[in-house]
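The next block holds one structure in the form of structure tokens; read it before the comments.
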Amino acid sequence: MMQKQIFDKKIIICVCAAVAVIAVAVVVLLFNREETFRSIMVYDVEGNAVIEREDVGSLNAAENLYLESGDRVSVAQDSSMRMKLDDDKYVMAEAETVFSIEAEGTDENSRTKICLEQGAITNEIQHPLSGGSQYETSTPNSVMAVRGTIYRVELYTDENGEQNTKLCCFQGKVGTKPVLPDGTYGEEVLVPAGSELIVYSDGTMDGPRDIDYEELPRQAVQNLISLTESGQTLTCISPDDLTKLAEKAKEAGDKTEKREAEQTAASDQDEALQNDTDMKADEDKQADASADVRKDRKASTATAGEAQGVASPQGTADQSAQNPQAKLPALVAVQPQAAEQVNSAAVNDNTGDDSSQEENSGGDATGDNQEYKDKPDKDKPHKPDKDKPQRPVVYTVTFVYDGKVFATQTVVSGGTVEEPVLIPETTGAWDFDFATIIQADTTITWN
């Protein structure tokens, strides 16, 4: 009996010890686990936007609504939406824009990816990312990576129905790679601040070149103005110039709205006139039908009268005497023809006068133009060749990874090359000192 009690006490002690060990382990895990939550919050909505979330369905976007990684956002027509990621990353979506967002990791090792399906977004990364963090924007034919910058990405359809990507960098630098038709990536191009680049659907690229700010839509200009008001400095354009662009865009938008309103009013008026014409046509058809009925009745009456006239010639003479207008239609039929001949003659006379005047005027103009065209080129002034500026010497720097070209950059003689923003998948580093002056074509490999 005593042994059994001792045995039971040992079991209880072992169970208690096991429970204590498990509790300690849970506490350690709770305090030492890696935080993977990323803050994604909607902080401004104008108009309507819808959030699609797996296993939940559709949600109406509203201020202070927190999103989750994997959510898909659709901004309606004449609307806009702004999001804040963590505390220093902002996404401004314009009207008729569709994109999904992925955000994982921590501040020290974060991964953010925005997949643009339609429309345009402006990204603001206020602080440079840590070495292990990544921020990307992708479209069906390109992928862009940054460390800390302000840039706009637009996915548009051209006149041939092809989807192209337009990138505008307003601050910092953006590394861009095209997605080729076979699904592989092309060479990276570094787009500096103040430049824009177009990536076509077939993977070819146009640029970088200076940003044409006048081509930016009204919403994009307003987003840039809000950035300058918050203290950001943009390259190659001042706040005053942005304000002028906004006013110009507003005037153009007002004219477009006025023109569309006039076209709508004209269309409504045409529709009303068409309805009146249709009603008049129906009335004319009814009148013609009534006239046909009356003609048939008159014809029947005339036939009866002719039958009576055969039996009594005196009846026919009496009818003629009673209806003296019976022969007038034959005379009236001749008058329009004569009037038409007179009008035709008048038109021919006027036409002859106008053509003669045009012939005299046209002859003089043709002569002047021909004399200008026949002027020899040697009489035109030419700028001396010595005044032409000398083109700088440019070298090509090629980055090679795993035996293949990973990226290329062009560097003016005496300048330095920039380290690519996108990095290869395997761990390593570029075998090169990026402070080195470039004085020839250079190849840099990944070790």
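Derivation of every value follows stated rules applied to the coordinates shown; laboratory data play no part. Just so it is clear, the model here is predicted, and its values are computed rather than measured.
Which far-off residues, 5 or more places away or on another chain, put their amide H under 5 Å from the one on residue 71, with H placed in the peptide plane?
HN-HN under 5 Å from residue 71: 101.
Got the relative contact order for region 40-251 handy, in percent, Cα pairs under 8 Å and 6 or more residues apart?
Relative contact order comes out at 11 percent.
Just list whichever of 173/250; 113/166; 113/248 have alpha carbons separated by over 27 Å in the model shown.
173/250; 113/248, as the Cα separations exceed 27 Å there.
Of all beta bridges DSSP finds with both residues in region 391-445, what is the antiparallel percent, to the nearest 5?
Roughly 65 percent of the DSSP beta bridges within region 391-445 come out antiparallel.
For region 391-445, what's the relative contact order in percent, using C-alpha pairs closer than 8 Å and at least 6 residues apart?
Dividing the mean separation by the residue count of region 391-445 yields 43 percent.
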